[in-house]
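*Asks:* Input: one structure, supplied below.
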Amino acid sequence: MKLLTAIQKAIPNNKAFDSVHLKVLYANSHPETREEVIYRRNGKSVDKIIEFDIQTNSKIKTTHYDYFNDKKIRSIDEFDRITGKKLKTINYVLYKSIDEFDPETGKKLRTINFNVKDENKISSIQEYDQDTGKIVTISIYKRDGKTVSIVKKIDPVTEKVTSWVNNATTDIKPTTTPAISSKPSIFTRSYDNIKSMDNRNREDIAKLIDNLYANNLKFENINY
């Protein structure tokens with residue numbers, strides 16, 4: 001506060017350096033970031049706010065606002081503080097989803113989709129092939145948002161399903177756990193207990209998901 005007092009005495013009558021301005025200047029004398037506000041053509045509503053790292057001058061965050069309501073966030077891009085390359089995008093249109101990117105190549109790694117009614121619960125996860133950019137794995141979650149219900153593998157070239165796992169009763173976790181038995185200790189994997197479905201049901205569900213996938217839906221409303 002001695003510095004603040006000294007400045008006030010040096011320029012006592014300059015309104016541009018009144019106590020309020022000096023307090024703000026003093027409080028932010030060593031900021032870590034700076035912000036750049038981009039307005040739309042009307043010059044009033046905010047289109048986006050870009051945040052930069054003061055040390056590296058790299059972009060670290062961009063917040064995009066809704067076109068009709070600039071108080072509502074549409075999406076947020078997060079960047080590596082050192083390289084400035086995009087790490088993830090959080091979308092809030094219709095429902096929450098997160099796109100994660102490879103910081104080296106900039107290619108999308110996966111998309112996490114959340115439940116429409118509860119953004120803390122995962123609805124599905126899509127993983128992408130780094131060469132083609134196409135979806136190669138789709139994991140659909142149960143209503144609890146934590147347990148995997150279906151895992152579908154897709155060939156990125158032919159876009160045909162190469163494998164299908166339906167986990168109706170247990171979590172799909174390739175871990176070794178002790179089985180409950182009166183016999184000597186036997187270890188079993190949880191996915192060994194997954195019950196197979198008949199071919200007709202398998203084909204019906206496969207057709208359903210193929211149709212949804214063909215229409216670029218993210219399965220946010222599918223729950224098992």
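Derivation of every value follows stated rules applied to the coordinates shown; laboratory data play no part. Keep in mind that what you see is a predicted model, and the values were worked out from it rather than measured. All Cβ positions, even for glycine, are placed from backbone atoms using ideal geometry, and neighbour counts span all protein chains on display.
*Asks:* Less than 9 Å Cβ to Cβ from K88, Lys/Arg counted +1 and Asp/Glu -1: what total charge do the surrounding residues give?
*Replies:* Overall, the nearby charge balance is -3.
*Asks:* What is the sum of charges, Lys and Arg at +1 and Asp and Glu at -1, for the other residues whose Cβ falls under 14 Å from the Cβ of V46?
*Replies:* So the environment of V46 carries a net charge of +1.
*Asks:* Another one. Between R110 and T137, what length in nm is gained on full extension when 0.36 nm per residue of separation is reduced by their alpha carbon distance? Can you show the working numbers first?
*Replies:* Working: separation 27, 0.36 × 27 = 9.72 nm, distance 0.92 nm.
Difference between extended and current length: 8.8 nm.
*Asks:* Okay, moving on. Please arrange T147, T111 by counting, for each residue, the other beta carbons lying within 10 Å of its beta carbon, fewest first.
*Replies:* Lowest count first: T147, T111.
*Asks:* Fewest to most neighbouring Cβ within 10 Å: what's the order for D144, D77, D47?
*Replies:* Going from sparsest to densest Cβ surroundings: D144, D47, D77.
*Asks:* I'd like the projected area of segment 70-126, averaged over all directions, using the convex hull of its alpha carbons. Report it in nm² with one decimal. Provide the component values of the computation, followed by the final result.
*Replies:* Numbers: hull surface 18.6 nm².
Directional mean of the projected Cα hull area for segment 70-126 stands at 4.7 nm².
*Asks:* What is the spin-label model distance, in nm, from W164 to Q55 if the labels are put 7 Å beyond Cα along the C-beta direction?
*Replies:* With each label point 7 Å from Cα toward Cβ, the separation is 5.2 nm.
*Asks:* Right, here's the next one. Hey, fewest Cβ within 10 Å first, where do E32, E104 land in order?
*Replies:* E104, E32
*Asks:* A further question follows. Arrange the peptides 153-165, 52-64 so that the one whose residues have, on average, the most other Cβ atoms within 10 Å appears first.
*Replies:* Put in order of decreasing packing, that is 52-64, 153-165.
*Asks:* Length gain on complete extension for the stretch D66 to D129, per 0.36 nm per residue less the alpha carbon to alpha carbon distance?
*Replies:* 19.6 nm
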